[in-house]
Structure formats: structure tokens, C-alpha cells
């Protein structure tokens, strides 16, 4: 996984609450069996005026001029600023893959849906929760300041604004550790194989019905 | 040791701890891993690239459901991209020895219907699947939640998940519901009350007399949509209804093991003095049949109400959300729910594709015909066994004679990954779980309701109160 330490980037605003993962990456693109290639279809139904299909070349498709991320001033943005409950709905990790593939390294919101929030950390994308007031102020700054960039520092847990203001944010210690070091979580968990086996041995005694094998009769 | 009162969630959590770090990060053991074709290929590929094998293949049950056609299966899958995804699942399961109900297997169906149906979901289990509606299985007194594909791979490789404990919420639905008010209406009211983010960070236990009175099918409907209130997991305590449902199912324990299991399952309830971080109480007698009018499941109203006016909403973010929803849905504030024009109806999904749901819809439909103004009325059973049972009871004839199409099992128009979908601008009365923009097809407009309500809407051509439906 790509490590996340410091990152400075352009901020793009998506001013709506409850952005669901169906909107982030519509279902037809979930038919892929790969982890990459979702970037051109990020927010597909909002971003384009026509209907998109998987494995289609998106370069000639008509863009929706009313969609904020299509504005020239937000091209190349890597930090998405949005409202509460971002990533709600389906568990599709394709939503995070699409954001990452489109160049987003961070999403800032007053709150995230749980599964999406988890999925971010597995893919080198940092979800930052800020209080609604701070998010409101950032929306205003982005609106009035072309080229508005933020400096993110995960080890220090700070966001620095162009004016030099520092905003601190919280993050779970273990998630931070994995993200800062780009660690393979499976490898970490397998270090505890002995404990997993010991647990299984005990549970097989206590509750053997949990270990009935699933196989064709 | 001092007695500590525990919630059901506390008990399930504690029984599955492999290890816990100082910051609360926990390695949680997973008993059952359900797999479908959409969220698994990258996980299988990740395992292969890392040279790893699944930890316990016999804990896994796989099924293709999202991409499968609901028409003649013998013709295979027309869309080559969909076909490749299903073929990939078949190949991965064959290679690793994972039990899979393939598309042509009589046991195939929506993953959250077949797990309980086969007795693969049991009380006291931890159950995961790369699918947010895994919360369904919590109806059995299990801890069940959806995970992303990286976590699917993690569970395959380690039989564990790295996670942290959620907070405890109790939603108690006190008293009894009136006639015509179903499990679907109960959960829609709960989502409306909590909001779609109200349950974020919580595991919700559903309790109270109205929940206890529900069948397993009804409890699954309620738990299925816990995620629509933001909670990854929903659950219901074990009782006779749970145990009666499971007895004799294929993978449920048998003989002496069954007796031991049942004795243990009786402990799967919250202690009387257990502490919840949040308690929400609803009066069941006051509940009415519900219909969603917007693009989030929290945008819901009783069938006899009118669409609310965004101008009356004080919060600007919420107001804008309502305005955007009405524009997308092509509806106006103040319009009666019954005046919403309908183009299609869909009965099915992991929320309401079980036998009881089909019976409820058939009871309304019997001897009547679908309104001529509707372009399509679909019934998609949740699984092969549900379909066979419905046909044995003659429900298929009732639907077909009324003008419904009787289809093969799958996710179908709930998320429109197969050929079943809405055209832009079409309104659909649907028994599914999400009314997001484009969910049932780009530009499609979804109205969520119970099977009986959707059946009544199919006959009348618009939403009507099923309690007054003659």
C-alpha cells in the first residue's frame, strides 16, 4: 500500500451531504475484476452528460459543465472537501479505488460512513473528520480562493492552511501506523497465527457447531 | 469475578476476540465468510499475488447473485463483462475448494437469502461478506457486517478482521403494529427517525414487542437495512422463532450437537441491566405503511402524507439535499404520495425477496390485474428454494395471471447490474433497500416500500394505503 506521510494538494469542494458509493462509482463499473482503472468513471453520472459503460474510452465523452469537479480551477485536485456521511451505502471498495485512481489522497468531511472510512485506510487514502464549523470555513475559503491548497501532515496530525493556520485532526493509532508506513495489514495479522490457532482450538471445544464444514452433501 | 451486565453485541464481540491492542484495535475471529462475484475477484487475486492460501475454506460459501440474468439461465450471461466476473468466481472457488452455488444450481440465490436458508448463518457467529447488507444475518443473534474487498482478502488469509468495537444502540419498538404495517415499514420509520448517518459508529440491537413478534423473514428485513441508518451491524436476540427457523436446515448442527448449540444460543440476548450508549423507543401502534419520496432512505413518509417542503427545513445542508432530491425525482413539495406517477414495480432483493414477502404480495394481488399504465411488474424470488416453495404454493400463477413477470433468483433490479433496470426518468415502486440516484438504472427514480404496498401499487397504478385496499 502507498504510504501517507505529508501531502500538499489542491482542494476540490463537493458541497453535498450523504454522497453514496453508488454516486462515487456506479454499479456497471463494478463488473471489473481489477483494482485499477476506475478513475475516469469517478462520479460518472454527475461528471458526464451521457451514459458510461465499462471499458469505454472516456476521453471523448461530453462533460457536464454544471458538475463542480469539471471546473478548470479544480483540475489536478488531490484533496476532496465534502459534507457529512460521505461514502454511505454499498461496501464497494471500488469507490476508494476510483478516488485514488483519479488522484485523490485525502477526503475531508464532518463524518464518513463506517465501511468507506475503513476502506480508505487500506488504499493509502486519508479520511479526515473535522467538525462541521471547520468544514464550513474551508468551503468558504476554497470558494473565494482560486488554487486553494492544504498541507497535510499525518504523523503530526495537522492540516496547514495557506494562511499558516494549523488544524489538528484525530486518527486511530493503529490505522495511522499502517498508513504512515504503508504496511500490509495481512502480513501484520499473520504474525499472530499462533494466537489465531489457539483461539480456534479453544472454540472448537466450546462451540463445535461453529466449525461444521461447508461442503456439498 | 465481578458480574458485568453485557449487551448482545458485547457478548458476541467478547466471544470472538483473538487479541486486543492498547488502543482498542482488535483481531476479531470470523466464523462465516460469504462471498459473491462482485467484491471478491481482487481479493482472490491479492491472495494469489502474495502466495497465500485461504485460512479455512470450509468456512466460506460463495454464490453469484449481482450479475446473473433473471430470465432463461440456460442461455448464459449475454454481457461479456458480467460473464467474466461470474466465470472468475467459479474458477477461484473451484481452484481453492470453496463451496459455491453456481448460477445453474437449484440452491443459488441472493447471498443474504441463501446463508440463513441453508443454515450457514447461525446464532453466535461472526459473519462477514463483501456486501453492506450482510447486517441481514444479525437477525439470528449473530454479529454480521459488510466489509470492503481488502478486508475480504484479510479474512480469507487470516480468518480474522482488524477492527475496533462499535458503540451499543438499542432500538426498541414497543407494543404491536397494526394490520398492514410490516417489518419494512418498521425499519423505514427507524431510518427516518435516526437519519442515514444516525447509526454510524453503532451496532444496533432491535428489540421490543413488535420485533419479537416478527418472523425470521421480518427480522432479516429489519436488520438488512440497519446499514441504511449508518450502522454496520443490526441484530436481534435469539428466541424460539430463531431456533424453530434453523432446525433441520442443511448446515445447522444435528443431534447432540444441535442440543448443545441451542443451550448456548439461549444466552444470546442482552442482560436485563445491560447499558446501551443510546436507546431509541418507538410506539409500534402509531406506525403506518411507509413510502420513500427522495434519494436517501431517510426521505420517507407515511403513505397518506404529502411530500415535505424543503422551505420548512432549517438546516441549509439538509434543505439543499431535499431540493436536489425533489429535482432528481421530478416531484414537488406538497404533492400527495399517492399522486406519484409509477412506471414499474419490483418485488425482490435481499430485503424482501423471501417466501413470506412473496406471500404478502400475492395475498394483495390474488384475483386482480396489474394497472395498464405500468410498463413492467417484476417478481424476482430471493433464491432457488424460495422460488420452488412459491411455485409449490401456486404464488407464481397468481403473479403471472395478474400480469407480473416471474423471474429467476438474483439481485436483479435492486441495483441493476444485470439487464433488469429502469430507464431515465422512470418511477419504480420497489421492495429493495436503496433509493439513491441511479441505483436501479441511470436516471431511474426509486420509491421504497413493503411487498404488500408495492403489490397494491402495482394493481392501482399508484401508491395506495394497503390497509384500505379493496
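One table, with the values for the structure above:
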quantity: Residues of the range A:70-127 satisfying the condition of being more than 11 Å from chain B (Cβ to nearest Cβ), in a helix (DSSP H, G or I), surrounded by fewer than 24 Cβ atoms within 10 Å (Cβ to Cβ) and within 10 Å of the chain's Cα centre (by Cα); calculated: A:100
quantity: Scope the range B:306-328; condition touching a strand residue (DSSP E or B) at 6+ places or on another chain (Cβ under 8 Å) and either buried (at least 22 other Cβ atoms within 10 Å of the Cβ) or within 14 Å of chain A (Cβ to nearest Cβ) (or both); matching residues; calculated: B:307, B:328
quantity: Residue list for the range A:37-69, restricted to those being under 10 Å from residue A:98 (Cβ atoms) and part of a loop (DSSP other than H, G, I, E, B); calculated: A:37, A:38, A:42, A:43
quantity: The range B:208-225: number of residues that are buried (at least 22 other Cβ atoms within 10 Å of the Cβ) and either under 20 Å from residue B:275 (Cβ atoms) or free of Cβ contacts under 8 Å to residues at least 60 places away in the same chain (or both); calculated: 2
quantity: Residue among B:34, B:47 that is within 24 Å of residue A:32 (Cα to Cα), in contact (Cβ under 8 Å) with a residue 24 or more places away in the chain and part of a helix (DSSP H, G or I); calculated: B:47
quantity: Residue in the range B:23-34 that is under 23 Å from the mean Cα position of the chain (by Cα), at pLDDT 95 or above, more than 11 Å from chain A (Cβ to nearest Cβ) and within 30 Å of residue B:267 (Cα to Cα) present; calculated: no
quantity: Positions within the range B:238-256 being in a loop (DSSP other than H, G, I, E, B) and either crowded, with 20+ Cβ neighbours inside 10 Å or at the interface with chain A (Cβ under 8 Å from one of its Cβ atoms) (or both), in sequence order; calculated: B:238, B:250, B:251, B:252, B:253
quantity: Some residue of the range A:190-207 being more than 10 Å from chain B (Cβ to nearest Cβ) and on the phi > 0 side of the Ramachandran plot; calculated: no
quantity: Any hit, the range B:160-171, residues being under 26 Å from residue B:257 (Cα atoms), out of contact with any strand residue (DSSP E or B) (no Cβ under 9 Å at 6 or more places or on another chain) and within 13 Å of another protein chain (Cβ to nearest Cβ); calculated: no
quantity: Subset of the range A:208-217 that is assigned to a helix (DSSP H, G or I) and over 36 Å from the mean Cα position of the chain (by Cα) - its residue that is farthest from the other protein chains (Cβ to nearest Cβ); calculated: A:208
quantity: Hey, residue A:185 at the interface with chain B (Cβ under 7 Å from one of its Cβ atoms), touching a residue at least 12 places away in the same chain (Cβ under 8 Å) and within 30 Å of residue A:4 (Cβ to Cβ) or not; calculated: yes
quantity: Tally of residues being more than 22 Å from the chain's Cα centre (by Cα) and under 19 Å from residue B:201 (Cα atoms) across the range B:271-280; calculated: 6
quantity: Condition check for residue B:401: over 26 Å from the mean Cα position of the chain (by Cα) and either under 22 Å from residue B:464 (Cβ atoms) or at pLDDT below 95 (or both); calculated: yes
quantity: In the range A:135-178, residue surrounded by the most Cβ atoms within 10 Å (Cβ to Cβ) [restricted to those that are within 19 Å of the chain's Cα centre (by Cα) and assigned to a loop (DSSP other than H, G, I, E, B)]; calculated: A:154
quantity: Restricting the range B:297-337 to residues that are over 21 Å from residue B:187 (Cα atoms) and touching a residue at least 40 places away in the same chain (Cβ under 8 Å), the residue that is farthest from the chain's Cα centre (by Cα); calculated: B:330
quantity: Strands (runs of 3 or more DSSP E) contained entirely in the range B:364-470, each with at least 3 residues that are more than 14 Å from chain A (Cβ to nearest Cβ) and at negative phi; calculated: B:376-379, B:427-430
quantity: The range B:257-279 residues that are farther than 18 Å from residue B:15 by Cβ, paired with ones that are exposed (fewer than 14 other Cβ atoms within 10 Å of the Cβ) (beta carbon under 6 Å, 6 or more apart); calculated: B:273/B:5
quantity: Single residue of B:119, B:124, B:199, B:130 found to be in contact with a helix residue (DSSP H, G or I) (Cβ under 9 Å, 6 or more places away or on another chain), closer than 20 Å to residue B:37 by Cβ and facing chain A (nearest Cβ under 10 Å); calculated: B:130
quantity: Any hit, the range B:45-62, residues being closer than 22 Å to residue B:251 by Cβ, facing another protein chain (nearest Cβ under 10 Å) and surrounded by fewer than 16 Cβ atoms within 10 Å (Cβ to Cβ); calculated: yes
quantity: Residue identified as assigned to a loop (DSSP other than H, G, I, E, B) and within 21 Å of residue B:417 (Cα to Cα) among B:134, B:70, B:88, B:121; calculated: B:70
quantity: Flag if residue B:259 is surrounded by fewer than 20 Cβ atoms within 10 Å (Cβ to Cβ), part of a loop (DSSP other than H, G, I, E, B), at pLDDT 95 or above and at negative phi; calculated: no
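The values are calculated or read from the model by the stated rules, or taken from the named source; none is laboratory data. In this text, all values refer to a predicted model and were calculated from it rather than measured experimentally. We place every Cβ from the backbone using ideal geometry, glycine too, and count neighbours over all the protein chains shown.
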